[in-house]
Amino acid sequence: MKIALSTSNPFNLDFTLCCGQAFRWEKRGEWWYGVVSDKVLKIQQKGRGLEFENASADFIKNYFGLNEDLTKILSQIGKDEIIRKAVKEFKGLRILRQDPWECLISYICATYKNIKAVKQMLTALCRKFGDKLELDSYSFYTFPSPEKLAKATIVELASCGLGYRAEYISKTAKEICKTGFDFKCLRKLSCKEARNKLLTFPGVGLKVADCVLLFSLGKLEAFPVDVWIKRVILKYYATHFPQDFVNKVSNKKGLTKSEYEKINSFGRNYFGEYAGYAQEYLYHYERTHSLD
DNA sequence: CAAGTGCCTTTATC
DNA sequence: AGATAAAGGCACT
């Protein structure tokens, strides 16, 4: 199936899938392969054309956020030279609408881990607990259900390289099964209410909750603050904070809750209702440019 | 090559 | 409130 993208609404599939918001997409040759719900999706972009298999056009539009007016969003967040530079370089990067359950577990895994390691953990987790699928002679695995992970032992989970996160994932999965929690209800809530609900799950702090809000629930004002965003903000936006705050936070590893909330609320207030987009462009910009 | 550092942090404890 | 430590293991230097 095919979709023709309009010139006024930019999209770049590679940026969108490479930027680190999703962990389970792989490029093989010309095509990107990813498992979404119970199917292997296959998609490629050629200029303004998107070609894909195993999904409806509506699904693709929703999953890749193609219904959003990205031109408008990018112009709204373009408050200064720094963010405009990031936007210019990665124009077309879009925030996905991932499955919230998969997103939640993925970001619990992502605490204190780099992206490469997160991918390894999730690959192992899906291989052990997911269902095998095949396409084009490649093997893929579905993301295991809450029930499946709730039944797994800590030892089994830990064998996927999850370390101390195994405990959090087990507890969160059990909690979701026990209460019959439905992630769909979070979409109807305000960003703040949904965040508070997410914070009740074990292993979910401010950063993980903000990632789930942004990358799966379409709460585009969410502004996750990780080490990279902390660095970007303190480097380029230091004048927006008291000098002693900048000194203090620069010279240590983690963030206290109140320090997190200060950077988070700066992001939301400064960049506005699409702050999450600013976050992802800055994140990707800083990561690509600090590697040289 | 060994040892140290860092990783899209959270939680428990003081 | 805020500081501190602990919690896999792996990639990178």
Exercise for the section: Output yes when any residue across the range A:256-279 is outside any helix (DSSP H, G or I), within 15 Å of DNA strand B (Cβ to nearest atom) and crowded, with 16+ Cβ neighbours inside 10 Å, and no when none is. Expected result: no
Completion exercise
All-but-one check, A:E221 against (1) more than 9 Å from DNA strand B (Cβ to nearest atom); (2) in a helix (DSSP H, G or I); (3) modelled with pLDDT of 95 or more, failing number (2)
Completion exercise
Filter the range A:85-116 for residues that are surrounded by fewer than 16 Cβ atoms within 10 Å (Cβ to Cβ) and at pLDDT below 95; the one that is nearest to the chain's Cα centre (by Cα) is A:I115
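For (1) in contact (Cβ under 8 Å) with a residue 40 or more places away in the chain; (2) of a type in the set (S, T, Y); (3) in contact with a strand residue (DSSP E or B) (Cβ under 6 Å, 6 or more places away or on another chain); (4) under 25 Å from A:K151 (Cβ atoms), each residue gets a yes or a no:
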site: A:Y168; (1), (2), (3), (4): yes, yes, no, yes
site: A:C177; (1), (2), (3), (4): no, no, no, yes
site: A:C191; (1), (2), (3), (4): no, no, no, no
site: A:V204; (1), (2), (3), (4): yes, no, no, yes
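Can you name the helices (runs of 4 or more DSSP H) wholly within the range A:81-133 that have at least 2 residues being within 13 Å of DNA strand C (Cβ to nearest atom) and out of contact with any helix residue (DSSP H, G or I) (no Cβ under 8 Å at 6 or more places or on another chain)? Talk me through it step by step, then tell me what you get.
Working: elements: A:81-90, A:100-109, A:115-129.
Fully inside the range A:81-133 and qualifying: A:115-129.
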Practice task
May I ask you to list the residues in the range A:95-136 that are basic (K, R) and without any contact (Cβ under 8 Å) to a residue 60 or more places away in the chain?
Solution key: A:K113, A:K116, A:R127, A:K128, A:K132
Practice task
For the range A:137-149, indicate whether the set of residues that are more than 16 Å from DNA strand B (Cβ to nearest atom), more than 30 Å from A:G29 (Cα to Cα) and of a type in the set (A, V, I, L, M, F, W, C) is non-empty.
Solution key: yes
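If I filter the range A:1-31 down to residues being of a type in the set (V, I, T) and more than 17 Å from the chain's Cα centre (by Cα), which single residue comes out as modelled with the highest pLDDT?
Residues of the range A:1-31 of a type in the set (V, I, T): A:3, A:7, A:16.
This time we only want the ones that are more than 17 Å from the chain's Cα centre (by Cα), so: A:3, A:7.
Working: A:I3: 95, A:T7: 89.
Only one residue fits best here, namely A:I3.
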Problem - Single condition A:V204 does not satisfy, out of (1) at pLDDT below 95; (2) aliphatic (A, V, I, L, M); (3) surrounded by 18 or more Cβ atoms within 10 Å (Cβ to Cβ) - result: (1)
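In the range A:191-218, what residues are in a helix (DSSP H, G or I) and within 16 Å of DNA strand C (Cβ to nearest atom)?
A:N196, A:L206, A:K207, A:V208, listed by residue number.
The values are calculated or read from the model by the stated rules, or taken from the named source; none is laboratory data. A quick note: this is a predicted structure, and the numbers were derived from the prediction, not measured. Every residue, glycine as well, gets a Cβ built from its backbone with ideal geometry; the counts of neighbours run over all protein chains shown.
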